[in-house]
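Colleague: Got a structure here, written out as structure tokens. Questions coming.
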Amino acid sequence: MTEPIGLKRGTVSLVAYQPEWANAFEKEKKQLQGVLGAYVSGIEHVGSTSVSGLAAKPIIDMVAAVDDLSVYKQFIEPLTVLGYEFMPERVFTDRVFFPKGPRENRTHHLSLVVKNSEGWEKTIAFRDYLRNNASARSKYQALKTELAAKYPNDRASYTKAKEQLIEQLLKEALQ
């Protein structure tokens, strides 16, 4: 049985990898390309839903590369039409974050980042390392499972507790 995508904001619930996540990404990518157009040089599926065999929160994570982060202002309205939410508190110096779906059922996360920036390069390197390294994927899976059980209603603590292993695996990925 296929699990639907979507998760309540702030919660943590992992589901087994779903091959349909790749199709959900491709469908969303086409819609985003129609809205973001020439301002975006690439849109990539990242996060655990992009890694075959890895359990994940059922949310499609994506990064889109732009030349200049300030272009996000002109995307607010068209992204809102697609169901994304603009949250001024999620505008950072290195990325702008847009979640999709109601807060009770977030389905997609889009981060705009500057092309060839650390935010782009490290995110792609981490994804590719997990895709190609069974040992790293297994370590990450074990930690995620443990933390999801410990923090089912505290996504901030879940995310924070993964940082050390992510940094270690990212260092390996970049070597």
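Colleague: All but one of (1) at pLDDT 95 or above; (2) in contact with a helix residue (DSSP H, G or I) (Cβ under 9 Å, 6 or more places away or on another chain); (3) surrounded by 18 or more Cβ atoms within 10 Å (Cβ to Cβ) hold for Val114; state the number of the condition that does not hold.
Modeller: With respect to (1) at pLDDT 95 or above; (2) in contact with a helix residue (DSSP H, G or I) (Cβ under 9 Å, 6 or more places away or on another chain); (3) surrounded by 18 or more Cβ atoms within 10 Å (Cβ to Cβ), Val114 is out only on (3).
Colleague: Go through (1) without any contact (Cβ under 8 Å) to a residue 12 or more places away in the chain; (2) among the charged types (D, E, K, R); (3) touching a helix residue (DSSP H, G or I) at 6+ places or on another chain (Cβ under 7 Å) for Glu89 and report which single condition fails.
Modeller: (3) is the only condition that Glu89 fails.
Colleague: Yes or no: the stretch 5-19 includes at least one residue that is touching a Leu at 6+ places or on another chain (Cβ under 6 Å), closer than 30 Å to Leu143 by Cα and of a type in the set (A, V, I, L, M, F, W, C).
Modeller: No - not one qualifying residue is present in the stretch 5-19.
Colleague: Can you go through Gly83, Gly53 and tell me which one is in contact (Cβ under 8 Å) with a residue 40 or more places away in the chain, closer than 27 Å to Ala148 by Cβ and surrounded by 12 or more Cβ atoms within 10 Å (Cβ to Cβ)?
Modeller: Testing whether each residue is in contact (Cβ under 8 Å) with a residue 40 or more places away in the chain, closer than 27 Å to Ala148 by Cβ and surrounded by 12 or more Cβ atoms within 10 Å (Cβ to Cβ) leaves just Gly53.
Colleague: Can you name every residue in the stretch 1-33 that is farther than 20 Å from Lys144 by Cβ, exposed (fewer than 15 other Cβ atoms within 10 Å of the Cβ) and among the aliphatic types (A, V, I, L, M)?
Modeller: Matches in the stretch 1-33: Met1 only.
Colleague: Going residue by residue through the stretch 66-78, is there one that turns out to be of a type in the set (Gly, Ala, Ser), without any contact (Cβ under 8 Å) to a residue 60 or more places away in the chain and not in a helix (DSSP H, G or I)?
Modeller: Looking for residues that are of a type in the set (Gly, Ala, Ser), without any contact (Cβ under 8 Å) to a residue 60 or more places away in the chain and not in a helix (DSSP H, G or I), one finds none in the stretch 66-78, hence no.
Colleague: Next question. Out of the stretch 105-152, which residues are charged (D, E, K, R) and assigned to a loop (DSSP other than H, G, I, E, B)?
Modeller: Result: Lys115, single match.
Colleague: If I filter the stretch 34-49 down to residues being assigned to a helix (DSSP H, G or I) and at pLDDT 95 or above, which single residue comes out as surrounded by the fewest Cβ atoms within 10 Å (Cβ to Cβ)?
Modeller: Result: Ser48.
Colleague: For Val71, work out the one condition from (1) closer than 22 Å to Gly34 by Cα; (2) in contact with a strand residue (DSSP E or B) (Cβ under 7 Å, 6 or more places away or on another chain); (3) not charged (D, E, K, R) it doesn't fulfil.
Modeller: Val71 satisfies all of (1) closer than 22 Å to Gly34 by Cα; (2) in contact with a strand residue (DSSP E or B) (Cβ under 7 Å, 6 or more places away or on another chain); (3) not charged (D, E, K, R) except (2).
The values are calculated or read from the model by the stated rules, or taken from the named source; none is laboratory data. The model shown is predicted, which means the values in this text are computed figures rather than measured ones. Neighbour counts run over all protein chains shown; Cβ positions are idealised from the backbone, glycine included.
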